[in-house]
Amino acid sequence: MRVTISRKAHFNAAHRLYRKDWTSEQNDAVFGKCNNPNFHGHNYELTASVTGAIDPETGFVMDAKILADIIKKEVEDAFDHKNLNLDVPEFENLNPTAENIAVVIWNKLRMHIESEFDLEVVLYETPRNFVSYKGL
Ligand code: NI
């Protein structure tokens, strides 16, 4: 029997999508308004889900407070009110698309979660655009 617990989190962050090695015409063609040189912001909504067996002693898959603390430290404290391109080292040479942000978040959370558990992150960049990653 495997059960999933989920925790929601939120952060506001700015980004710009572009490649330094492309011309501005190429960047405009592929990234459109997201290539705005002065950056733009999103209200990101994250759901992190941990799946595993229920510990018979505690009745928990994982203590929700521990999961909340990991997300606060690794995601909210690291990304909230930041410019992802300029302030967050992971995106120094990685385009901060929703896809790449989800993978970076997954990797940061995975370090703190025992290998017997599965982890999935779902990241909403807008209310209608979201990506998910399970490490596969
Ligand atoms: Ni954007």
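Derivation of every value follows stated rules applied to the coordinates shown; laboratory data play no part. These numbers were taken from a predicted model, which means no experiment stands behind them. Cβ coordinates were reconstructed from backbone atoms using ideal geometry, including for glycine residues, and neighbour counts include every protein chain displayed.
Can you find, within the stretch 2-28, the residue that is farthest from the ligand (Cβ to nearest atom) among those that are farther than 21 Å from Ile70 by Cα and surrounded by fewer than 13 Cβ atoms within 10 Å (Cβ to Cβ)?
Per the criteria, the residue is Arg2.
Only residues that are within 16 Å of Asn43 (Cα to Cα) and part of a loop (DSSP other than H, G, I, E, B): list them for the stretch 95-136, please.
Scanning the stretch 95-136 gives Pro96, Thr97, Glu125, Thr126, Pro127, Arg128, Asn129.
Would you call Lys73 farther than 30 Å from Phe31 by Cβ and surrounded by fewer than 14 Cβ atoms within 10 Å (Cβ to Cβ)?
yes
For a quick check of your reading of the model, give me the residue pairs whose first member lies in the stretch 8-36 and is within 13 Å of Pro96 (Cα to Cα), whose second is among the small types (Gly, Ala, Ser), with beta-carbon atoms closer than 7 Å and at least 6 apart or on different chains.
Short answer, once both residue conditions are applied: Ala13/Gly41; Ala14/Gly41.
(1) within 24 Å of Gly32 (Cβ to Cβ); (2) without any contact (Cβ under 8 Å) to a residue 24 or more places away in the chain; (3) surrounded by fewer than 16 Cβ atoms within 10 Å (Cβ to Cβ): which one isn't true of Val104, the others all being true?
Every condition holds for Val104 apart from (3).
Working only within the stretch 107-119, note down all residues that are touching a helix residue (DSSP H, G or I) at 6+ places or on another chain (Cβ under 8 Å) and touching a residue at least 60 places away in the same chain (Cβ under 8 Å).
Leu109, Ile113, Leu119
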